[in-house]
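Asker: Below are the structure tokens for one structure; questions will follow.
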Amino acid sequence: MDNNRHRSIVRRVLERIFPSAPDFYSLLASQAQQVEHTVNLLVDFMESPEAAIAKQIKKDEHTADTLKVENIHTLNEAFSTSIDREDIYRAIMALDEVVNYCKTTVNEMDILGVKPDIYTHEMAVCLAEGVRALTAGYHKLGKAPLEAATHADIARKAERRVEKIYRKALAALFQGDDYLNMLKRREIYRHLSNAADRMAACANTLHDIVVKLT
């Protein structure tokens, strides 16, 4: 048996025993990019609440859910990982929850008959800025982790801006005696706040990964 053939056989045996790790950097970056697409649609909806946009957001949620399941399966089947398993799982779940809250927001606006206002638009814009930073951070994680940490900080700052707008919106809302409108609109504000909270959770996970890599 010549040396080249021998090396080829040994390589195949080793690959079966120790399969190569999936590229979780690309996996998380792709999922973040999908979330960014949905959140950008949410901004569009807050500017022009068209049924077609709402329908696309709901479709995105199904796509995101499929991607989440595939990513978790990949994680469970991986022999080894380049990132801490728990951190990968936390990132996958938090990213998916951002999309879930986008869908919940437009669904309940339709059911409750709530139209966008300046506060829902401002919160959606800040959420989009934060998710855009997350996407950039996860894309840079494998090659420039310190730059990824900077993007994580940007996402956390965006979440804090959402919370400030949320509190401002509530203060303006609870004036007068239209209690039914207050309760309906508060639910919508809360969903947007929760979306930002999950975005921040994902930013925290991104930062935790950077700390472990550097």
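The values are calculated or read from the model by the stated rules, or taken from the named source; none is laboratory data. Predicted model only: the values in this text are computed from it and were never measured. All Cβ positions, even for glycine, are placed from backbone atoms using ideal geometry, and neighbour counts span all protein chains on display. Note: areas computed on protein heavy atoms with side chains; ligands, DNA, RNA excluded. Shrake-Rupley method; radii C 1.70, N 1.55, O 1.52, S 1.80 Å.
Asker: Please state the shape class of the range 67-138: rounded when a/c is under 1.5, otherwise prolate if a/b exceeds b/c and oblate if not, all from the C-alpha gyration tensor.
Answerer: Oblate shape, in that a/c is at least 1.5 and b/c is the bigger or equal ratio.
Asker: While we're on this one: With axes computed from alpha carbons, what is the tilt in degrees of helix 51-77 against the longest principal axis of the chain, rounded to the nearest 10 within 0 to 90?
Answerer: Here the helix axis deviates by roughly 30 degrees.
Asker: Now for a separate question. Using a 1.4 Å probe and ignoring any ligands, DNA or RNA, find the accessible area of Val114 and quote it in Å² to the nearest 10.
Answerer: Probe radius 1.4 Å; accessible area of Val114 about 10 Å².
Asker: Around Arg198, what is the net charge, scoring Lys/Arg as +1 and Asp/Glu as -1 over all other residues with Cβ under 12 Å from its Cβ?
Answerer: -3
Asker: Follow-up. Run the quick spin-label model on Leu112 and Ser30: label points 7 Å from Cα toward the beta carbon, then report their separation in nm to one decimal.
Answerer: So the two model labels end up 3.6 nm from each other.
Asker: Cut-off under 19 Å on the C-alpha distance; same-chain residues fewer than 8 positions from Lys140 excluded. Which aspartates and glutamates are left, in chain and number order?
Answerer: Output for Lys140: Asp23, Glu36, Asp84, Asp87, Glu129, Asp153, Asp208.
Asker: Taking the Cβ-Cβ separation of Val211 and Lys164 as r and a Förster radius of 30 Å, what is the calculated FRET efficiency to the nearest 0.05?
Answerer: Here the calculated transfer efficiency is 0.65.
Asker: When the convex hull of the Cα atoms of the range 24-165 is projected onto a plane and the area is averaged over all directions, what value comes out in nm²?
Answerer: 8.3
Asker: What angle, in degrees between 0 and 90 and rounded to the nearest 10, separates the Cα long axis of helix 145-173 from the longest principal axis of the Cα atoms of the chain?
Answerer: Around 20 degrees separate the two axes.
Asker: Still on this model: Within straight cross-link reach of Lys164, meaning Cα distance under 26 Å, which lysines are found once same-chain residues fewer than 8 apart are removed?
Answerer: Once the sequence-local lysines are set aside, what remains near Lys164 is Lys103, Lys115, Lys184.
Asker: Using a 1.4 Å probe on the protein chains only, how many percent of the accessible area of the range 108-172 belongs to carbon and sulfur?
Answerer: On the range 108-172, the fraction of accessible area on carbon and sulfur atoms equals 58 percent.
Asker: Rounded to the nearest whole Å², what accessible area per residue is found for the range 150-192 with the 1.4 Å probe?
Answerer: 60
Asker: Quick one: length gained pulling Thr81 to Ala144 fully straight, 0.36 nm per residue minus the C-alpha distance?
Answerer: Working it through step by step, the gained length comes to 20.9 nm.
Asker: Also, I was wondering about something else. Please identify every one of the chymotrypsin sites (Phe, Trp or Tyr not before Pro) in the range 115-214 that sits in a loop by DSSP and has no more than 15 other beta carbons within 10 Å of its own beta carbon.
Answerer: Answer by residue number: Phe174.
Asker: If you don't mind, there's one more thing I want to ask. Can you list the lysines whose alpha carbon is less than 29 Å from that of Lys143, not counting same-chain residues fewer than 8 positions off?
Answerer: Filter leaves Lys68, Lys157, Lys212.
Asker: Here's a follow-up. Measuring from label point to label point, each 7 Å out along Cα→Cβ, what is the Asp23 to Asn181 span in nm?
Answerer: Result for the modelled spin labels: 5.2 nm.
Asker: Here is a further query. Could you give the dipole magnitude of the chain about its Cα centre, charging the beta-carbon of Lys and Arg +1 and that of Asp and Glu -1, in debye to the nearest 20?
Answerer: It works out to roughly 520 debye.
Asker: What angle, in degrees between 0 and 90 and rounded to the nearest 10, separates the Cα long axis of helix 24-47 from the longest principal axis of the Cα atoms of the chain?
Answerer: Between the helix axis and the principal axis of the chain, the angle is about 20 degrees.
Asker: Just the accessible area per residue of the range 26-110, please: how many Å² with a 1.4 Å probe?
Answerer: Computed with neighbouring chains in place, this is 46 Å² per residue.
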